[in-house]
Amino acid sequence: MSIKTWQLMLFASISFIVSGIMSLSDKSYLRGGTFILLGLYYVGLSRTKYLKDSKSSKSK
C-alpha cells in the first residue's frame, strides 16, 4: 500500500481545519483562524503536488 505525499498533505489539511473549527467553538478566535488558514494553505499545496504528480505520470 503506497500513500502518496499529496494524500498525506490533504489529511493534514483536513486535520488543521477541524482543529481550527474546534478552537473557534472554544472562542479561541486567533488560534482557530490560524489553523483554518494553515489548513487551506495545505489544501493548496496538496492540490499543486497532485497536479504535478499526475502530469509527470502522464508523460512517462
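The values are calculated or read from the model by the stated rules, or taken from the named source; none is laboratory data. For clarity, every value in this text was computed on a predicted model and none was experimentally measured. Every residue, glycine as well, gets a Cβ built from its backbone with ideal geometry; the counts of neighbours run over all protein chains shown. Please note that ligands, DNA and RNA were not included when accessible areas were found on the heavy atoms of the full protein model with its side chains. Shrake-Rupley method; radii C 1.70, N 1.55, O 1.52, S 1.80 Å.
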Under 14 Å from the Cβ of residue 6, count the other residues' Cβ atoms, weight Lys and Arg +1, Asp and Glu -1, and hand me the total.
+4
Measure off, as a whole percent, the carbon and sulfur share of the 1.4 Å-probe accessible area of the chain, all protein chains present.
67
Cα pair distances in the chain, grouped into 10 Å bins until the bin that holds the longest one, percent each:
26, 37, 23, 11, 3, 0
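For the chain, what is the accessible area per residue in Å², given a 1.4 Å probe and the full set of protein chains?
Per residue, the chain has 81 Å² of solvent-accessible surface.
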Just to confirm the filter: which trypsin sites (Lys or Arg not before Pro) across region 1-53 are DSSP coil and have at most 15 other Cβ within 10 angstrom of their Cβ?
4, 27
Label point distance in nm, residue 59-residue 28, each placed 7 Å from Cα along Cα→Cβ
4.4
